[in-house]
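Engineer: To start, I am sharing the structure in question, which I have written as structure tokens.
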Amino acid sequence: MEIENQDFPELDRLLRIRRWRKFSSFVLFFCLLVISLSGGNLFIQYTQALQNPNQIQAAILKTELDSSQIYRPLLASVHKEIKKEVQKMALDIRLEPEAPLPPIFAERKVGVYLHMNNIANSKVFDAEVDKLKKLENSAVVFDVKGSFVYFDSKSVLAKKYGLIKPLYDLPQIISKLKNAGIYTIARVISLKDDVFANQNSTVRLWNSSKTKFVPEWVDPTNSEVLDYNREIITEIIAAGIDEINLDFVRYPDKFTSEWLGISGEEKIKNVLDFIKMVRETIDLENPATVLSVNTFAILGWDLEENAAALGQDIQKMAPLVDIIAPMLYPSTFSRDNQKYFLDEKSFEYSTVFQTLQKYSELLGEDSVKLRPWIQGYYTTRQQILDQIEAVYDAGFCGFTVWDIQNDYSESYEIIAKMEIPATCRD
């Protein structure tokens, strides 16, 4: 028989005291260690953070990255135990606000993509924030890791290979967006990593004979590829992001399995293992962080063949992620194929609606995780409207508009005027 602590306040108090004592012993050991290694500077940073337990994870990360290389394994071991105690402590002392937090409803977010240069340009960024904050359930996806890391990262591997190109203050950007009521999504380009591949030949994706490699792509099974992405994602989480969005988490589509010497099953497993690494990192650092993954639209039409080619099996990926974001760009479909057309509907509506239906059939209960990308480039006002209507008619509430030029003037106007289905307001 389980005892409910709230019915025994004295027992509950004793359990909390015991938890605090155990946690304090870890903190004391850690502080003494930091003093001896760093002359007190990191000790000051860490003890200041302890005044607010919600900042402990960020302090742990900074301390570990700022320490000398030879001490990092020891610090990592200590940190692991402290993180466990922090998570238990959070439950014991009710760190959550008295009123329960409202549900995030990440699948209902309506957003746009912003290029890293527009995030760095304060005038452009401020203008986009002003437009987005007027929309309901607004979100922004922005570049955090691509060819480079676009904030002042402390990542050991990013520094080693010259992969840091700081364009903006990440915590400041996140804070500004959140203060405006905008949901924040960090785009992390995962396996298409040209600079990393150029700087380090061991991380490249090679052919079966190891004589040629795929330009710009890295091997998802390589330990440094995994460690590099883990380090960056850990920092992004510590900065307070709402959602991590994995892009290019797949194999290149222009190289056959025979040429690569990797079977379709191996591709799927390797991609899943990469996503599992990200999931585990999120669960350790901040389980409240949402994980999304971008996928090819064509997977909905022929899963078996395309999953083997790309390594993206949406049915197996679904349990690992919170959001699946198929890239439903009508211009990538052939207008010569009549199967993409619905009677009395535009090509744009037909492709988006049917692909979401097919994804739903494949995913079953996990279809609630769908939040598609729609096309905002080379489109007319009516074509954007048709795509949004298709999303709503297919039974979904959220979507993200993609335009590499970041010209969303018409999209903002359409979104502001469209009536949101009642089912998206429950």
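Nothing in this text is a laboratory measurement; each read-out follows from the coordinates by a stated rule. Values in this document were obtained by computation on a predicted structure and should not be read as measured data. For neighbour counting, all protein chains shown are included, and Cβ atoms are generated from backbone atoms with ideal geometry for every residue, glycine included.
Engineer: Over the range 106-424, what is the relative contact order in percent, taking alpha-carbon pairs closer than 8 angstrom and at least six residues apart?
Structural biologist: Values: 570 pairs, mean separation 56.7, N = 319.
Taking the mean separation of contacting Cα pairs over the length of the range 106-424, I get 18 percent.
Engineer: If a paramagnetic tag sat 7 Å from the Cα of Ala416 along the Cα-Cβ line, which residues of the range 111-145 would have the backbone N under 12 Å from that point?
Structural biologist: What the label zone holds, given the 12 Å backbone N cut-off, is 130-136.
Engineer: Here's a follow-up. Farthest toward the dipole's positive end in the range 106-424, which of Asn286, Tyr161, Ile268, given Cβ charges of +1 (Lys, Arg) and -1 (Asp, Glu) about the Cα centre?
Structural biologist: Tyr161
Engineer: Would you mind getting me the FRET efficiency between Glu305 and Glu344? Use the beta-carbon distance for r and R0 = 35 Å, nearest 0.05.
Structural biologist: On the way: r = 31 Å, r/R0 = 0.88.
So, using R0 = 35 Å, E works out to roughly 0.70.
Engineer: Sticking with this one: Distance check, please: which entries in Lys192/Lys339; Lys165/Lys192; Lys133/Lys369; Lys159/Lys212; Lys123/Lys178; Lys269/Lys316 exceed 21 angstrom between their Cα atoms?
Structural biologist: With Cα atoms farther than 21 Å apart: Lys192/Lys339; Lys133/Lys369; Lys159/Lys212.
Engineer: Would you mind ranking Ser147, Ser292 so that the residue whose beta carbon has the fewest other beta carbons within 10 Å leads the list? Mind showing how you got there, number by number?
Structural biologist: Details: Ser147 17, Ser292 25.
The fewest-first ordering by Cβ neighbours comes to Ser147, Ser292.
Engineer: Asp407 to Asp336: extension gain in nm, 0.36 nm per residue of separation minus the Cα-Cα distance? Walk me through the intermediate numbers first.
Structural biologist: Working: separation 71, 0.36 × 71 = 25.56 nm, distance 2.87 nm.
Using 0.36 nm per residue and subtracting the Cα-Cα distance, I get 22.7 nm.
Engineer: Let me ask you something else. Figure the gain on full extension for Asn179 and Ser209 (residue separation times 0.36 nm, minus the Cα-Cα span) and round it to one decimal in nm. Could you put the intermediate results ahead of the total?
Structural biologist: Values: separation 30, 0.36 × 30 = 10.80 nm, distance 5.30 nm.
Gain on extension, Asn179 to Ser209, equals 5.5 nm.
Engineer: Continuing with this model, one more query. Could I have the simple spin-label model distance between Gln199 and Ile164, label points 7 Å from Cα toward Cβ, reported in nm to one decimal?
Structural biologist: Result: 1.0 nm between the two label points.
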